[in-house]
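Engineer: I'd like to ask some things about the structure below.
The values are calculated or read from the model by the stated rules, or taken from the named source; none is laboratory data. It should be emphasised that the depicted structure is a prediction, and the values quoted were computed from it without experimental measurement. Note that we place each Cβ from the backbone using ideal geometry, even for glycine, and neighbour counts take in every protein chain shown. Heads up: the accessible areas ignore ligands, DNA and RNA and are worked out on the full protein's heavy atoms, side chains in. Shrake-Rupley method; radii C 1.70, N 1.55, O 1.52, S 1.80 Å.
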Amino acid sequence: MSKEPVAVVGIGQTKHVAARKDVSIAGLVREAAQRALADAELTWADIDAVVIGKAPDFFEGVMMPELYLADALGAVGKPMLRVHTAGSVGGSTALVASNLVAGRVHGTVLTLAYEKQSESNAMWGLSLPIPFQQPLLAGAGGFFAPHVRAYMRRTGAPDGVGSLVAYKDRRNALKNPYAHLHEHDITLEKVQASPMLWDPIRYSETCPSSDGACAMVLTDRAGAARSPHPPAWMHGGAMRSEPTLFAGKDFVSPQAGKDCAADVYRQAGIADPRRDIDAVEMYVPFSWYEPMWLENLGFAAEGEGWKLTESGVTELDGDLPVNMSGGVLSTNPIGASGMIRFAEAALQVRGQAGEHQIDGARRVLGHAYGGGSQFFSMWLVGATPPTS
Amino acid sequence: MPAPRPQRDIAVVAFAQTDHLRTSDELSEVEMLMPVLHEVLDRTGLRTSDIGFTCSGSTDYLAGRAFSFTMALDGVGAWPPISESHVEMDGAWALYEAWTKLLTGEADTALVYAYGKSSPGSVRDVLTRQLDPYYVAPLWPDSIALAALQAQVLIDAGDTDEPALAAVAARSRASAAGNSHAQLRGSVPRGDYAVRPLRTGDCPPIGDGAAAVILAAGERARDLCKRPAWIRGIDHRIEAHGLGVRDLTDSPSARLAAERAGVFERPVDTAELHAPFSSQEVVLRKALRLDDSVDINPSGGPLAANPIMAAGLIRIGEAAARIHRGDSNRALAHATSGPCLQQNLVAVLEGDPR
C-alpha cells in the first residue's frame, strides 16, 4: 500500500540560551510553534493534531506536561500525543507526527520538542538513586568517555580529532542566529587548553545546557501545494532500539544505528551515502561522536571516520559538511536537540539556512540518538518530492 | 463528521494482563512485565523478532527515575535491534501510535505494552505533579480532591446523587467477580468519605500492574486470531487544562473522539470505560450516549483495578477479548488522562459477523 508523501512547510526555533527567565515553559513552546506557523503562513485552526516530545519529565519537574501545555499549543479539541524516547526523542517525535500524515490520519500536524533545563538540573534529574542498580555516574559524560577511549584504541585516531570537531562546530554556530553558544573569540588552541572533564573529553568538547524549543509543520501533498515557501520532502525515516547493556553490545558502533541508517537509505534510494547525501545534521553531544557516527552511518569505512574529520571533509566548505548549524555541541535543549537536527536538515534543502546554508544541498540527513547509545531516529529530506 | 475509514484493516489479535495487586514489592517493573509479554506472544505464536513495530506507555514519575522505560525494553529482548517507540502516556496512546504505524504500511504487526507500579510512592501526591507547575502544582491539590470537585458539580447539577454513585461502584465490583485479574471484587463497603462527596468506595484501588496487546493488519490478523477485534475507528482529543474553563459535567473531548471514531454510526453492545471514579462514569455515559442496553465495564473497570498507565490499554484489551470470545460484536473502548477526564481516547472494535 502507498503512503502519503510528507512535506515540511513550517519551521520555528527559539533563540537557545542558558536560561529563558522571561517565559514559562508554555511561553517557550508557544514561541517556537508560532514561528513554525508563521513560516507556513498557517494559523492554529489549520492544525489537525499536535505531537510533542521532550526528555525525562524530571528535567523540569512536570509530569506528563502535554496536559498543562494543551492550551498553549492550540491543542484544545484536538488530538495530542506525547513521545519520550530518551535523547533521540526530538527525532522520534517528528517521525510519529510524520506517520499521522503518511498514514492519512491527518492532513496537517504540528510537532514540537523542547527542554527548559534552567527550571531544574538535568544532571541530577538523571542521577536519582535506585536500589540495586548502578548509578549513572552523575551525568552523561562519564558514561560516554570510555566508549570514546575504545574508539581511539580501536582506530588509532590521534588525540586531537575531538578538538577539531568542537572548533568547527563552535565556528559554525557563529553563523546560526538561534545557536546557544556564540564564542566569537574561539580558537583551536582554546579548545585544546580547556580543562579535561572525563578523559579524553575536554570541557569545550561537551554540549551546553540550553533552554529552547523547536517546531515543525508537517503536511500532505495538498498542503505542500499551498505552501508559500519551498517544502522539504521526507524521503525516508526510521527508528531502531537495542538493549542498554548486554554482552554483545558494540558501544562504539551500535547495530541499531547501522540498521536505522540502512532502513532510511533503502526508503530514500541511497546507494552510497558518501556520494548521494549532501550534508548531515548529526547528534554529537561530545565531539568524538562525529567520527564515530560517520562510520556508524556508513559515510566512512570502519576505522576511517576520524580521517574525514581530520582532512576537513566535514567543515562547512568540505564536501560532506556536518553540523552546519553548530550542532548539539553549540545548542542542547536535550529533548529538542534531535528535532533541531531534523529541522536544520529541512532548512538546508529548502535553501533557508541563511549564513550556514550549503549551496546546492538537495538531500540532507537528520540524525538523533539517545540513552546509552541504544535509541536511534533519523530522517532524510530532499528538495524534491519522493518518486516512489 | 466521522473521520474517513482507515485504508487498512487493523485488529487487536491478542491481549494479556497481570493480576493487579496493591503492592508488588518483590518484583521489579521488568519482572512484572515479562510474563505478560510472554503470554501475549504465546497466544499468537509470534516471537519478538517477528514483530514489525513495538510501542509502550509508562511514566517516569511512578518509577521515581528518569528513562525508566529503558529497563522494560531490555525485557522485550530488543536484539537484533527493533523498530520501537514510547509514549509517556497510558498504553492506549501507545496503541494509537502503533495503529498509525501500521496504517503507513511499514509494519504488519505491532506489540504494545504498558505498566505502572503505584505502590512505591503516594500516587495522590505524585499525580499533583501533572498540574500547571507555576500556579496549581505548588498547592498540591490531589487527584481525589479534583475528582470530588467534579462529583460535587455533577450532584449540584442534578446529574447524579451519592446513592447512584454507590450503585456504579457496586455494579463494577460485582462484575469484577468474573475477572480473576481484578484487585477489588464482590462486595466492597462504601466506606468513609475520602473527600466529600466521594467515599473510598467511589475511588479506584491503588495498584501495580501491566498489560500487553498485539495488533495485526489484514489477512495477518486472521492468521493470528480466530475472531480478530477490528479497530473500526480510533480517535483522541484533549481539553483545556484549567478546571475553571471547563464544564466538568460534560466531556466534549470524549464526545468528539467518539464521533470521529464512528461510535454513533451504530449501537455498541459493550463499553469498557476508563472512569477511575464512580462519578466519571456518569459524565462518560452522557457524552458517549450509552444507555442501559450497553454492558458497561463487564470486566469491573478501573474501580476494580486501576494500574496507572496500563488501565486505558486494559480497556481496549478487555473489549477486544470479549470480541475474541464471541461475547460482543461491537464494543467501545475508552481511555483517559489528566485531571477530571481532561484527555480522552475512544476506539470502536468489531468482530466479523457470525
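Engineer: Which one is nearest to the other protein chains (Cβ to nearest Cβ) among residues in segment B:127-160 that are over 21 Å from B:MET309 (Cα atoms) and open to solvent by less than 30 Å² (accessible area, probe 1.4 Å)?
Structural biologist: B:GLN150
Engineer: Report, by residue number, each residue of segment A:210-248 that is modelled with pLDDT of 95 or more and assigned to a loop (DSSP other than H, G, I, E, B).
Structural biologist: Here is the first cut: in segment A:210-248, the residues modelled with pLDDT of 95 or more are A:210-242.
Within segment A:210-248, A:SER210, A:ASP220, A:ARG226, A:SER227, A:PRO228, A:HIS229, A:PRO230, A:PRO231, A:GLU242 qualify.
Engineer: Which of the residues belonging to segment A:61-83 are open to solvent by 10 Å² or more (accessible area, probe 1.4 Å) and within 7 Å of chain B (Cβ to nearest Cβ)?
Structural biologist: From segment A:61-83, those open to solvent by 10 Å² or more (accessible area, probe 1.4 Å) are A:61, A:68, A:71-72, A:74, A:76-78; that's our starting set.
The answer is A:GLY61, A:TYR68, A:ASP71, A:VAL76, A:GLY77, A:LYS78.
Engineer: Return yes or no: is A:ALA86 in contact (Cβ under 8 Å) with a residue 12 or more places away in the chain, at the interface with chain B (Cβ under 8 Å from one of its Cβ atoms) and in contact with a Phe, Trp or Tyr (Cβ under 6 Å, 6 or more places away or on another chain)? Spell out the reasoning first.
Structural biologist: Numbers: in contact (Cβ under 8 Å) with a residue 12 or more places away in the chain: yes; at the interface with chain B (Cβ under 8 Å from one of its Cβ atoms): yes; in contact with a Phe, Trp or Tyr (Cβ under 6 Å, 6 or more places away or on another chain): yes.
Against the criterion (in contact (Cβ under 8 Å) with a residue 12 or more places away in the chain, at the interface with chain B (Cβ under 8 Å from one of its Cβ atoms) and in contact with a Phe, Trp or Tyr (Cβ under 6 Å, 6 or more places away or on another chain)), A:ALA86 qualifies.
Engineer: So, in segment A:279-299, how many residues would count as being in contact with a Gly (Cβ under 6 Å, 6 or more places away or on another chain) and open to solvent by less than 10 Å² (accessible area, probe 1.4 Å)?
Structural biologist: Of the residues in segment A:279-299, the ones in contact with a Gly (Cβ under 6 Å, 6 or more places away or on another chain) are A:281, A:284, A:287-288, A:291, A:294-296.
Those still in the list that are open to solvent by less than 10 Å² (accessible area, probe 1.4 Å) too: A:281, A:284, A:287-288, A:291, A:294, A:296.
The number of residues fulfilling the criteria is 7.
Engineer: Considering only segment A:109-121, state which residues are of a type outside the set (Lys, Arg) and crowded, with 22+ Cβ neighbours inside 10 Å.
Structural biologist: Quick first cut of segment A:109-121, residues of a type outside the set (Lys, Arg) only: A:109-115, A:117-121.
Matches in segment A:109-121: A:VAL109, A:LEU110, A:THR111, A:LEU112, A:ALA113, A:TYR114, A:GLU115, A:GLN117.
Engineer: Quick check on segment A:39-48. Is at least one of its residues of a type outside the set (S, T, N, Q), under 23 Å from the mean Cα position of the chain (by Cα) and under 26 Å from B:GLN342 (Cβ atoms)? Can you show your working first?
Structural biologist: Let us first name the residues in segment A:39-48 that are of a type outside the set (S, T, N, Q), namely A:39-42, A:44-48.
Filter again for under 23 Å from the mean Cα position of the chain (by Cα), leaving A:39-40.
If we keep only those that are under 26 Å from B:GLN342 (Cβ atoms) as well, we get none.
Looking for residues that are of a type outside the set (S, T, N, Q), under 23 Å from the mean Cα position of the chain (by Cα) and under 26 Å from B:GLN342 (Cβ atoms), one finds none in segment A:39-48, hence no.
Engineer: OK, next. Are there any pairs, at least 6 apart or on different chains, whose C-beta atoms fall under 8 Å, with the first in segment A:235-257 and more than 16 Å from A:TRP293 (Cβ to Cβ) and the second open to solvent by 40 Å² or more (accessible area, probe 1.4 Å) and among the aromatic types (Phe, Trp, Tyr), and if so, which?
Structural biologist: Listed pairs, sorted by first residue: A:PRO243/B:TRP79; A:PHE246/B:TRP79; A:GLY248/B:TRP79.
Engineer: Can I ask one more? Please go through segment A:264-296 and give me each residue that is within 14 Å of another protein chain (Cβ to nearest Cβ), within 18 Å of the chain's Cα centre (by Cα) and not aliphatic (A, V, I, L, M), ordered by number.
Structural biologist: Selection gives A:ASN296 alone.
Engineer: I need the full set of residues from segment B:48-77 which are at pLDDT below 95, in a loop (DSSP other than H, G, I, E, B) and under 21 Å from B:ASP108 (Cβ atoms), in order please.
Structural biologist: Answer for segment B:48-77, where residues must be at pLDDT below 95, in a loop (DSSP other than H, G, I, E, B) and under 21 Å from B:ASP108 (Cβ atoms): just B:GLY77.
Engineer: Given the conditions (1) acidic (Asp, Glu); (2) open to solvent by 10 Å² or more (accessible area, probe 1.4 Å); (3) under 21 Å from the mean Cα position of the chain (by Cα), report the number of the one that B:ASP42 does not fulfil.
Structural biologist: (3)
Engineer: Right, another one. Answer yes or no: is there a residue in segment B:201-211 that is under 24 Å from B:ILE155 (Cα atoms) and assigned to a helix (DSSP H, G or I). Reasoning before the result, please.
Structural biologist: Kept after step one, since they are under 24 Å from B:ILE155 (Cα atoms), are these residues of segment B:201-211: B:201-205.
Those left that are additionally assigned to a helix (DSSP H, G or I): B:201-202.
Within segment B:201-211 (the criterion being under 24 Å from B:ILE155 (Cα atoms) and assigned to a helix (DSSP H, G or I)), the answer is yes, since at least one residue qualifies.
Engineer: Next up: Considering only residues that are more than 7 Å from chain A (Cβ to nearest Cβ) and over 17 Å from B:PHE53 (Cα atoms), which ones fall in segment B:64-120?
Structural biologist: B:SER68, B:MET71, B:ASP90, B:TYR115, B:GLY116, B:LYS117, B:SER118, B:SER119, B:PRO120
Engineer: What do you reckon, is A:ALA368 open to solvent by less than 10 Å² (accessible area, probe 1.4 Å) and more than 21 Å from A:GLN255 (Cβ to Cβ)? Before you say what the answer is, go through the steps one by one.
Structural biologist: Details: open to solvent by less than 10 Å² (accessible area, probe 1.4 Å): yes; more than 21 Å from A:GLN255 (Cβ to Cβ): no.
Considered against the rule, which asks whether it is open to solvent by less than 10 Å² (accessible area, probe 1.4 Å) and more than 21 Å from A:GLN255 (Cβ to Cβ), A:ALA368 comes out as no.
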